[in-house]
Every structure is written in C-alpha cells, then in structure tokens.
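The values are calculated or read from the model by the stated rules, or taken from the named source; none is laboratory data. Small disclaimer: the values here were computed from a predicted structure and weren't measured. Reconstructed Cβ throughout: ideal geometry from the backbone, glycine too, with neighbour counts over all protein chains shown.
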Amino acid sequence: MADIEQSTAADVPADQLSILRHALGVGEDGCIPSYRNHFVTGEGGRDHALCMALVAAGLMTRYSGNALSGGSDVFGATNAGRAAAVGTTPNLTRSQQRYAEYLRTDSNLSFIDWLRSPYCPRFASPRVKRAPTIPSDRLPAHAEAL
C-alpha cells in the first residue's frame with residue numbers, strides 16, 4: 001500500500017491521468033484548485049475500463065450506480081489519486097511562463113502592452129526600447145516650468 005501513496009503523475013498513464021484530473025476538475029495541467037471529486041461512466045465504455053484500472057491501482061474508488069447517476073457507476077479519486085493528479089507543474093517554455101504570468105496579473109492591458117509595462121519586470125526584454133529616465137536633480141531648468 002505504501003507504493004500506492006507514492007504515485008505521481010509520471011507513474012500514471014496519460015489517459016488515466018486525464019480521467020483523474022477531469023474527476024477532480026483540476027484542469028489538464030493539474031494546477032487549478034479542485035472543486036469536485038466524481039466521474040460518472042457506464043459499463044462497456046473506454047472511460048469505464050480506464051476508471052477500473054485506476055481502482056485496481058488504488059487511485060479511485062467505485063460506487064454502484066443509482067437513480068441520480070442514471071444507473072452508471074460513479075468513481076471518486078482517493079487521496080493517492082488526488083496526490084497523483086494535482087500539484088504537477090507542466091514543463092512550460094519561457095514564452096508560456098511569461099503568458100501565464102500575464103494571465104495571473106489580471107491587468108486591463110493587452111499582452112504586448114503588459115510586456116512593455118513595469119508590471120512585467122521579471123521578463124523585461126532587452127529588445128524593448130524604454131524611454132530613459134532622468135533624475136530630477138539633473139533636469140534642465142526649463143523642464144521644471146513645464
């Protein structure tokens with residue numbers, strides 16, 4: 001049982017991992033907070049076979065169908081299944097990381113404007129030309145009148 005508790009996303013086949021993540025509602029990369037824990041599927045389907053494999057691995061539990069589920073089986077992720085599905089960080093390129101950071105800031109700027117703004121200090125590109133700042137003590141005398 002200890003080896004089941006140590007399951008990670010790398011240990012679970014991609015199609016089974018997709019079922020786990022869908023059951024938990026954590027998104028394809030497993031980084032969205034979970035808001036549910038159920039997956040409903042009927043016998044004879046491909047998804048049902050995948051869920052049964054997850055039950056055999058100790059990552060899901062199976063509940064008999066009822067009127068609410070239309071007679072289909074209901075599967076729920078175990079703690080080990082939850083640990084295997086969530087918390088996995090995808091391998092993002094630098095550009096994808098930059099765009100994800102832009103989405104997290106929730107600014108009213110377009111992506112290109114955000115890249116050029118001071119809100120994007122970590123990803124400041126040397127190719128983006130910014131106006132030089134002049135210290136106030138070095139401004140010409142006529143500039144203070146403006």
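Give the residue that is farthest from Ser95 (Cα to Cα), with candidates limited to residues of the range 109-132 that are among the aliphatic types (A, V, I, L, M) and either touching a Gly at 6+ places or on another chain (Cβ under 8 Å) or at pLDDT 75 or above (or both). Among residues in the range 109-132 that are among the aliphatic types (A, V, I, L, M) and either touching a Gly at 6+ places or on another chain (Cβ under 8 Å) or at pLDDT 75 or above (or both), the one farthest from Ser95 (Cα to Cα) is Leu109.
Please enumerate the residues belonging to the range 71-108 that are in a loop (DSSP other than H, G, I, E, B) and modelled with pLDDT under 85. Reasoning before the result, please.
Within the range 71-108, the first condition is being in a loop (DSSP other than H, G, I, E, B), and the residues that meet it are 71-72, 78, 86-93, 106-108.
Residues satisfying the conditions are Val86, Gly87, Thr88, Thr89, Pro90, Asn91, Leu92, Thr93, Asp106, Ser107, Asn108.
With respect to the stated conditions, Cys51 fails to be within 14 Å of Leu17 (Cα to Cα) and at pLDDT below 75. If I filter the range 64-81 for residues that are without any contact (Cβ under 8 Å) to a residue 12 or more places away in the chain and among the β-branched types (Val, Ile, Thr), do I get at least one hit? No, that holds for no residue.
Restricting the search to the range 54-70, which residues are among the hydroxyl-bearing types (Ser, Thr, Tyr) and part of a loop (DSSP other than H, G, I, E, B)? Correct list: Ser64, Ser69. In the range 24-41 there is at least one residue that is touching a residue at least 24 places away in the same chain (Cβ under 8 Å), under 30 Å from Leu115 (Cβ atoms), crowded, with 19+ Cβ neighbours inside 10 Å and in contact with a Phe, Trp or Tyr (Cβ under 9 Å, 6 or more places away or on another chain).
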